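The values are calculated or read from the model by the stated rules, or taken from the named source; none is laboratory data. None of these values were measured; they are calculated from a predicted model. Here the Cβ positions follow ideal geometry from the backbone for every residue, glycine too, while neighbour counts run over all protein chains shown. Surface accessibility is based on the protein's heavy atoms, side chains included, excluding ligands, DNA and RNA. Shrake-Rupley method; radii C 1.70, N 1.55, O 1.52, S 1.80 Å.
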Amino acid sequence: MSLPLSLPDFPDLSRLVRPESVVIVGASDKPGGLGTRTVQNLLRHSAFDGRTFLVNPRRDRIDGHPCHPDIESLPIAPDVAVIAIPADGVLDALERCAAKGIRFAIVLTSGFGESGEEGRARQERMRALAAETGMRIYGPNCPGLTNLADRIGMTFSPAFAADEKRTGPIGIATQGGGLGRNLVQAAERGAGAALWASLGNAADLDVADFVHHMAGADGIEVIATLLEGVRDGRRMLAALRAAAEAGKPVVALKVGRSAYGVRAVRSHTAALAGSAEVTSAVFEQFGVVEVDDTDEMMDVAWLLARAAPPPRTRIAVFGGSGGAAALAADMVGAAGLELAEFDPATTGALRAELPGFAAVGNPVDITATAIADPGLMDRTLGLVAADPNVDLVLLPIPLDYGEHSTRGTEAMAAVQRQTGTPLLPVWMSDRRGPAYQVLADAGFCSPRSLTKAVLAVRRWAEHGRWRAEHAPEAAPAPLLLRDTRSEPLPPVRTEPEAKAWLAAAGIAVPEGRVCRSADEAREAASRLGGRLVLKVVSAALPHKSDVGGVVVGVEGPDAAADAYERIVADCAPHGTVEGVLAERMAPEGVEMLVGVHRDPVYGHVITVGLGGVHVELFGDVRHRLLPLDRRAAEAMVDELRCRPLLEGLRGAPRADVDGLVDLLLTVSDLVTRHADHIGELDLNPVRVFPPGDGPSVLVLDALVVRA
């Protein structure tokens, strides 16, 4: 179903990131004070050449710069106001900034949404102020904004002066400050960043605004984001879509995937953590590379910035330690990655350069001969990197051999300057001598173990496959981004009503009759024939089996009447019984489930997986945002671990996989048409049979919950 896109508007943040004028409200020279460090970072440690104003009614000058008594006395309306005063004065200062015509405010101060009812009320007023005045607010409860590429530090961080020395093409957007600074300090091992936005409580501007900004920003090639929660799923989806369309990979770490993590996030930033499974599905759908810790985030972001991953990744392992090379090759295979088959010319050239006892296949072990022949690594590593079948070279460095290691890492840096094939040195030793620094200075973000290195390569390779399968113009457009114009939903309170709605849409359900007496049950058994299942009809009892509301294998009129009486007797104490549904039992097949629920952050999510009684045991399910296209529906089914059951395991006939995909698409269309009215849709079990004369996919049970 094709619907017009309705994308949210994003602000132009260029004057916030690269302002021409800044005022620090709460500027100070008190040792260790928030305002003092902010002044020092902007005036002493930044390369900011715009106009700077200081506001402090109790000082004439600070650090050689004149002070203004208040915001009103400023000669111009600066682009950015940095607020570094106690929480009880922040709202008044913001109102004065807005009245002055200041476009952006960065609130460093804590004591808002993270600090109790009074703080939350102040933060809500801050959000309303931004909406009323049009002045965009960054923060509160944040360390500030750090433009590393232009060396502009609008921050109180005491680490800014040391952290801004090495820059690179990675844009970083976080909510928390400590972990964000951790990512920035990965520059110590070669992963330089261009911009770090740490939004704190994000009362107004949010991570999504900066992901969107970075998607269009020059000098940023990869976006790394660390999320504690997503307040506005629609804006985040639109930002991720913009990054996908710009061809800029997004690497994301979501905090709050366990019950403990969710609790910690709520106490930290009062953010909505959301469902980890849904978040992962959203990331996967948009090509976001999801990682598990900050080391992995920068390993992967750096590798993506170093080179675009190909659709098929073939890896060479190269080193001077046979054991380390063998271990690396083993881990490559265990990760499901592919070792390259060298071109015969490469193998011949290596054999001519290396002694007879060296390994010239893949992995390549040049042995300790490199100690006696310092130019050996330059010549042989260059041969491997130039091989047409090699997409990446993995270089395990298990030990620090002093000057010999330094010569080796200098060779790696020299070869990398001459080739477009990414080299990935892995510094495995606990000793970090000059050779390690050579790698960092050359811009190599060396992973700290083979485990981390191979994982980074696997993430890189997976993103290459995603890029090959998803053209930028085909970036997904979920229901949340569309103008839905929902149609009214017919009555769906009970299973018979829900099945009637499904049947009208072309979805096959078992033949059945609603009985309101034992005699009607007898008559239904006579007309339907064969073995039956009888189920209670009650809007108050959605989980029928839990209260004795289901009897299976009923044969004959008398048995049907007895089953009717038993169901009514068992269920009546638990809720109003409106009747009993008698249906002909379906033949054996593969039991699946298809469900839709409305995620509070991202909207409607469809689920498919192994159904029946096995769903809780195996948890074999896949999720996608709605609506689906056929490619996405087919991918969901293909990704299931139970896929071999549908193919016909051990001689069983092949189930109608295409029919299951059709069901997913029909459900997607139904929910899309009625989106505003559907909170949940549960089809379980769905029985899938081999293609034949009758329906090959049959919905045996259905539950619809209105929004």
Compute the angle between helix 117-133 and the longest alpha-carbon principal axis of the chain, please, reported from 0 to 90 degrees and rounded to the nearest 10. 80 degrees
Region 147-153 - phi-based ³J(HN,Hα) in whole Hz, Karplus 6.51/-1.76/1.60, Gly and Pro as x: 8, 6, 4, 9, 6, 10, x
Pop out the carbon and sulfur fraction of the accessible area of region 507-581 as a percent, whole number, probe 1.4 Å. 45 percent
Determine the shape class of region 554-685: with a ≥ b ≥ c the square roots of the Cα gyration tensor eigenvalues, call it rounded for a/c under 1.5, and otherwise prolate if a/b is greater than b/c, oblate otherwise. oblate
Nonlocal amide H pairs with Ser198, under 5 Å, H built at 1.01 Å: Gly144, Thr146, Thr174
Using only alpha carbon pairs under 8 Å that are at least six residues apart, calculate the relative contact order of the chain and give it in whole percent. 9 percent
Mind checking region 508-560 for GluC sites (Glu not before Pro) that DSSP puts in a loop (not H, G, I, E or B) and that have at most 13 other Cβ atoms within 10 Å? Glu511
Where does helix 557-571 land angle-wise versus the long Cα axis of the chain, in degrees 0 to 90, nearest 10? 50 degrees
Hey, what did region 89-195 get for relative contact order, percent, Cα under 8 Å, at least 6 apart? 22 percent
Rounded to the nearest 5, what is the percent of antiparallel bridges among the DSSP beta bridges in the chain? 55 percent
Taking the Kirkwood radius as the inverse of the mean 1/r across Cα pairs, report the Rg/Rh of region 462-619. 1.09
Could you rank Asp562, Asp88 by how accessible they are, 1.4 Å probe, largest area first? Asp88, Asp562
Rounded to the nearest 10 Å², the accessible area of Phe286 using a 1.4 Å probe with every protein chain kept is 10 Å²
Name the residues whose placed amide hydrogens come within less than 5 Å of the amide hydrogen of Ser449, ignoring near sequence neighbours (fewer than 5 apart) on the same chain. none
Alpha-carbon centroid distance for the pair region 134-166 / region 626-653, whole angstrom: 48 Å
Solvent-accessible heavy-atom area per residue, rounded to whole Å², over region 319-420 at 1.4 Å: 44 Å²
What list of ³J(HN,Hα) values in whole Hz, one per residue of region 350-367 in order, does the Karplus curve 6.51 cos²θ - 1.76 cosθ + 1.60 (θ = phi - 60°) give from phi, with Gly and Pro shown as x? 5, 5, 6, 8, 9, x, x, 8, 7, 8, 10, x, 10, x, 9, 10, 7, 6
Which far-off residues, 5 or more places away or on another chain, put their amide H under 5 Å from the one on Val317, with H placed in the peptide plane? Val364, Leu394
Normalising by the residue count of region 297-433, find the relative contact order in percent from Cα pairs under 8 Å and 6+ residues apart. 29 percent
Using only Cα atoms, locate the centre of region 506-541 and the centre of region 319-339, then give the distance between them in Å, rounded to an integer. 61 Å
Using 7 Å Cα-to-Cβ label points, what is the Asp88/Thr367 separation (nm, one decimal)? 7.8 nm
Ignoring any ligand, DNA or RNA, what whole percent of the accessible area of region 70-165 comes from carbon and sulfur when the probe is 1.4 angstrom? 51 percent
Restricting to DSSP H runs of at least four residues, report the calculated mean residue ellipticity at 222 nm for the chain, -39500 (n - 2.57) per run over all residues, nearest 500 deg cm²/dmol. -11000 deg cm²/dmol
Across the chain, how many lysine pairs, 8 or more positions apart or on different chains, have C-alpha atoms separated by under 21 Å? Please give the number. 4
Just how much of His213 is accessible, in Å², when a 1.4 Å probe is used and the result is rounded to the nearest 10? 40 Å²
Measuring from the longest principal axis of the C-alpha atoms of the chain, the long axis of helix 403-418 (C-alpha) lies at a number of degrees, nearest 10, equal to 70 degrees
Along principal axes, largest first, the alpha-carbon spread of region 295-351 in whole Å comes out as 38, 25, 20
